[in-house]
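What follows is a single structure, written as structure tokens, with notes after it.
The values are calculated or read from the model by the stated rules, or taken from the named source; none is laboratory data. Please read these numbers as outputs of a predicted model, since none were measured by experiment. Here the Cβ is made from the backbone with ideal geometry for all residues, glycine too, and neighbour counts use every protein chain on show. The accessibility values were calculated without ligands, DNA or RNA, using every heavy atom of the protein model including side chains. Shrake-Rupley method; radii C 1.70, N 1.55, O 1.52, S 1.80 Å.
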Amino acid sequence: MTSPEGISGPDWSGVQVASSIPAVTSGLNGIILAAGFEERSCAWLKEGRFHQDARCVLIRFRNNVPGNGKVFDQYVALAKERFAPEAIHVVELHQDAPNRMENELGGLLASLPRSVVRLGVDISGMPSYAACMALKSTRFVRNQHPMTVLYTAAKQYNPTFSQYRKLIAKQGGDIELLPDPMALEMRETLILDSFSGYRSQNAKTCLAIMTGYEAHRSTGVVDTVNPSLLLLLYGNPGAPELQWRLDLSRRLHRKFEKGRRTADTVVSTLHFQEALSALETFYDKLIDDYDLVISPIGSKMQTLATYLFWERYPEVQLNFPLPIGYDPKRRPTGTGHSFHVEIEPRQSLFKNAWPTSA
């Protein structure tokens, strides 16, 4: 079998293709997912087959995105086709008070029956800060049990290849900004209480960015942190026909390499362990002289890598650049391949180097 990123084999460094979503979900006691706008974020709920006692936790976005309530109602209706009404729970993510989500979700998970132990967290429709809070709540409340991370790729992302070609034809080398990003202009950089890390009094700051295509968000976190050293981790989508996306990310971020000390590397957008290994290498070399801040702006699986790295090194700070809002018309569309990752219990996670698939 060949992966959609051109890598052979069913087990890709901990990431497995979900050849049967019903087979994966049948082993779960519950699923946590965001009731968001992207079509792919409901794939596991729509196609899954769950035990009659399983629970469903929907994360509801409380923000000013038009149509938010209607989309949420659609998720509730879909959940009722799979779960009993009393087995459906709602946790809210408030735009102006994001910290509340972690406490609310943790309290809910702690109140569930002891039999609800094998949980799946679908990060497909979650912004990076929500994904980190959801992973942490699940990992800490159910720390003696494995966790399954679920992810579905979209079929079409913003920008498209045709948009990329137009940008290259118009701007040539470096590209300042995407003309029509999904994330609107920067509002703030978010440092959640749980991921604030431990700051040294005299150490310099090293900022590692999992780059994406919204360079204005990278600018926001660079301006806020003002690092002495900048690390750029570019995402490799794998397949030859998608290499233009790596090139675009490089062109968008090349300006950051001017005027400050910078290092860069390329890691997979899917295989989270590549990002973990890169962060580990940088950490070993820099930790004596720098405080490390990580900003996951790239892929959802790179966000998983960022979270797991923080779990091992909680002195690291996670910084999330937030826009004033999102344009749902520019969201990723379609439903591509689904994947799952089995993460061993938190209690035993660091007896070995890194988590691997079961």
Shape category assigned to region 12-63 from the gyration tensor of Cα positions, a/c cut at 1.5: oblate
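Mind ranking Tyr151, Tyr198 by accessible surface for me, highest first, 1.4 Å probe?
Numbers: Tyr151 25, Tyr198 150 Å².
In descending accessible area the options line up as Tyr198, Tyr151.
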Dipole axis of the chain (+1 Lys, Arg; -1 Asp, Glu on Cβ), positive-most option in Ala34, Gln201, Val141: Ala34
Bridge type composition, the chain - antiparallel percent by DSSP, nearest 5: 30
Ratio of the Cα radius of gyration of the chain to 2.2 N^0.38 Å, where N counts its residues: 0.95
Cβ-based charge dipole, the chain, positive-most Cα from Ser111, Ala97, Ser338: Ser338
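Tell me, which longest segment in the chain has none of the trypsin sites (Lys or Arg not before Pro) that fall in DSSP loops with at most 11 further Cβ atoms within 10 Å? Don't skip to the end; give the middle numbers.
Numbers: sites that count: Arg114, Arg199, Lys258.
Between exposed loop sites, the widest span is 1-113.
Starting from the eigenvalues of the Cα gyration tensor, five times each then square-rooted, give me the equivalent ellipsoid semi-axes of region 7-166, largest first, whole Å.
Values: eigenvalues 119, 88, 52 Å².
Over the Cα atoms of region 7-166, the semi-axes work out to 24, 21, 16 Å.
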Set of lysines near Lys258 by C-alpha distance (under 23 Å), chain-local residues within fewer than 8 positions excluded: Lys170, Lys204, Lys285
Per DSSP, loop GluC sites (Glu not before Pro) in region 39-100 with at most 12 further Cβ within 10 Å: Glu81
Helix axis angle, 300-312 relative to the chain longest principal axis, alpha carbon, degrees: 90
Solvent-accessible area, 1.4 Å probe, carbon plus sulfur percent, for the chain: 47
Rg/Rg_ref, region 199-256, where Rg_ref = 2.2 N^0.38 Å and atoms are Cα: 1.30
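When a/c reaches 1.5 or more, the comparison of a/b and b/c decides; with that in mind, is region 43-104 rounded, prolate or oblate per its Cα gyration tensor? Don't jump to the answer; show the numbers that get you there.
Numbers: a/c = 2.70, a/b = 1.57, b/c = 1.72.
Judged from the Cα gyration tensor, region 43-104 comes out oblate (a/c at least 1.5, b/c at or above a/b).
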Degrees separating the helix 243-253 axis from the principal Cα axis of the chain, which is the longest one: 60
With all protein chains modelled, accessible area of His337 [1.4 Å, Å²]: 100
The chain: angle of helix 161-171 to the longest principal axis, Cα-based, in degrees nearest 10: 20
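If we count every other residue with Cβ under 11 angstrom of Val91's Cβ, Lys/Arg +1 and Asp/Glu -1, where does the sum land? List each step's numbers first, then the result.
On the way: positive: Arg60, Arg62, Arg100; negative: Glu92, Glu102, Glu104.
Around Val91, the surrounding residues sum to 0.
Given Cβ point charges of +1 (Lys, Arg) and -1 (Asp, Glu) and nothing else, what value in debye, to the nearest 20, does the dipole of the chain about its Cα centre take?
Values: 39 positive and 37 negative charges, 87 e Å.
The dipole of the chain has a size of about 420 debye.
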Set of lysines with alpha-carbon distance to Lys80 below 19 Å, sequence-local pairs under 8 removed: Lys46, Lys70
